[in-house]
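Chemist: Provided herewith is a single structure, encoded as structure tokens, for subsequent inquiry.
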């Protein structure tokens, strides 16, 4: 295979991210995107992880200014979990559970008590509904340990604009795949025109038009670890609510509810299991607990799992056409970044002539990434003791942990130790040991090695918590930071946001 021409099926976030990545990294390629009315866009609020800005601003070296102007994001510093026995806890992107303070003998996970509300400076900021700390000169310190909340349509607008600027062609057409000896022979338009390419990217979402429907690649279910298969989605225009710098995740009767923060809109969605709750009852619970919802709620059906291979013949799947693990848009965009970058790097290193061993390695790497997400999410469900509904009882008794089983066993025997982190997780695991510690320590999962600090150590820990609290209270809200960034963009000078 000599790849000179690439045809992407699907013009949602996955398809445009693939096209943009390939054209930016391999400008000699002819890259076209087919936008078909048959392939819908879910269009819910998008969260991201730090992999998103790293992909676009570091790996692709795009300028952030146009992204801020067109996508109009807000910042995301982590996740607030209303999950387990605590009132809430935070998972930040700053590795707070595995951090060790220089004057303490063990990492912070051992000192984080069940009644404490933060474990480091970044979780303290989130607890106080702040985004970024204050510099000595009074301006916000907007560091790079952040992600974004983005409205889907605005994200797609920025992706399409940027792709077209780089030379990607977008074709509006309804097409039918035509199979051939090497995978796909053509995408045939309604008027009979055949669109051909050397490499086809399947970004058709749940339909998986090329990998699933046309090539018949087997689908592997995650239903023994992830029981949910529906989501009811709604939201409301922001009024006086503060803009949170985190995604909020709340335990519900038969699943969980997300809250994604946009500047002028709040997106809410209830992920649930139809085996435990009807669509009607899910909608009723969703509206009862979210009376602010003004949009007409809609139900999205899905199945959790992945296809056996990402790359088959001359077809590479990206995003939901390859796998889906609940409506976790941050995780979905993260894995799309990984899939796109590994595809681009594979073509670069093979001089655009990918061979069987490279394709096999690509498949191993990216299918492992999907399984990593399944394992991480399974831990969320297995140990959530907040409710005793039939759904949550089933999760605690029946959820299979798969690849996370030994890590959980290690934690139960050794506590939040990080001594074996590099052995428990492979280097490319997106969540890392700190992610697992956030879920296990945050949910007060018991272990055999509780640590009782000395009186002096306990005093030092309290001093750290007090200092983090004071620094967080002086920090800036999302609104203040947005105003500061926009003023800086207009004048070129940082100004201190109004209190």
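Chemist: What are the residues in segment 249-265 that are farther than 26 Å from residue 398 by Cα and touching a residue at least 60 places away in the same chain (Cβ under 8 Å), if any?
Modeler: Of everything in segment 249-265, those that are farther than 26 Å from residue 398 by Cα and touching a residue at least 60 places away in the same chain (Cβ under 8 Å) turn out to be 260, 261, 262, 263, 265.
Chemist: Output the number of the condition that residue 219 fails; it satisfies all remaining conditions of (1) surrounded by 18 or more Cβ atoms within 10 Å (Cβ to Cβ); (2) touching a strand residue (DSSP E or B) at 6+ places or on another chain (Cβ under 7 Å).
Modeler: For residue 219, the exception is condition (1).
Chemist: While we're looking at this one, here's another question. Are any residues in segment 381-409 in contact with a helix residue (DSSP H, G or I) (Cβ under 6 Å, 6 or more places away or on another chain) and outside any loop (DSSP other than H, G, I, E, B), and if so, which ones?
Modeler: 381, 395, 402, 403, 404, 407 - these are the residues of segment 381-409 that are in contact with a helix residue (DSSP H, G or I) (Cβ under 6 Å, 6 or more places away or on another chain) and outside any loop (DSSP other than H, G, I, E, B).
Chemist: Which of the strands (runs of 3 or more DSSP E) contained wholly in segment 112-215 include at least 2 residues that are over 30 Å from residue 459 (Cβ atoms), more than 26 Å from the chain's Cα centre (by Cα) and in contact (Cβ under 8 Å) with a residue 24 or more places away in the chain?
Modeler: Those strands (runs of 3 or more DSSP E) span 169-172, 175-180, 183-189.
Chemist: Being at pLDDT below 95, surrounded by 21 or more Cβ atoms within 10 Å (Cβ to Cβ), over 25 Å from residue 394 (Cα atoms) and touching a helix residue (DSSP H, G or I) at 6+ places or on another chain (Cβ under 7 Å): is that true of residue 245 here?
Modeler: no
Chemist: Among the candidates 122, 112, single out the residue that is crowded, with 18+ Cβ neighbours inside 10 Å, at pLDDT 95 or above and within 12 Å of residue 93 (Cβ to Cβ).
Modeler: Only one candidate passes the filter, namely 122.
Chemist: Exactly one of these conditions fails for residue 276: (1) assigned by TED's automatic domain parsing to the domain that holds residue 203; (2) touching a helix residue (DSSP H, G or I) at 6+ places or on another chain (Cβ under 7 Å); (3) not in a strand (DSSP E or B). Give me its number.
Modeler: Evaluating residue 276 over (1) assigned by TED's automatic domain parsing to the domain that holds residue 203; (2) touching a helix residue (DSSP H, G or I) at 6+ places or on another chain (Cβ under 7 Å); (3) not in a strand (DSSP E or B) leaves (1) as the failure.
Chemist: Could I ask something else about it? Of (1) modelled with pLDDT under 95; (2) on the phi > 0 side of the Ramachandran plot; (3) under 25 Å from the mean Cα position of the chain (by Cα), residue 444 satisfies all except one. Which?
Modeler: That leaves (1) as the condition not met.
Chemist: Also, quick follow-up: What number goes with the only condition from (1) touching a helix residue (DSSP H, G or I) at 6+ places or on another chain (Cβ under 8 Å); (2) without any contact (Cβ under 8 Å) to a residue 60 or more places away in the chain; (3) in a loop (DSSP other than H, G, I, E, B) that residue 97 does not pass?
Modeler: Condition not satisfied by residue 97: (2).
Rundown of residues vs (1) in a helix (DSSP H, G or I); (2) closer than 30 Å to residue 268 by Cα; (3) at pLDDT 95 or above, yes/no style:
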position	(1), (2), (3)
316	no, no, yes
331	yes, yes, no
343	yes, no, yes
348	yes, no, yes
351	no, no, yes
361	yes, no, yes
367	yes, yes, yes
376	yes, yes, yes
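Chemist: Can you name the residue in segment 164-196 that is farther than 23 Å from residue 216 by Cα and touching a strand residue (DSSP E or B) at 6+ places or on another chain (Cβ under 7 Å) and, of all such residues, is surrounded by the most Cβ atoms within 10 Å (Cβ to Cβ)?
Modeler: 168
Chemist: Next question, about the same structure. Of (1) at pLDDT 95 or above; (2) within 15 Å of the chain's Cα centre (by Cα); (3) surrounded by fewer than 23 Cβ atoms within 10 Å (Cβ to Cβ), residue 339 satisfies all except one. Which?
Modeler: Only one criterion in (1) at pLDDT 95 or above; (2) within 15 Å of the chain's Cα centre (by Cα); (3) surrounded by fewer than 23 Cβ atoms within 10 Å (Cβ to Cβ) is unmet by residue 339, namely (3).
The values are calculated or read from the model by the stated rules, or taken from the named source; none is laboratory data. Not measured: the values here are computed from a predicted model. A quick note on method: Cβ atoms are made from the backbone with ideal geometry, for glycine too, and the neighbour counts reach across all protein chains shown.
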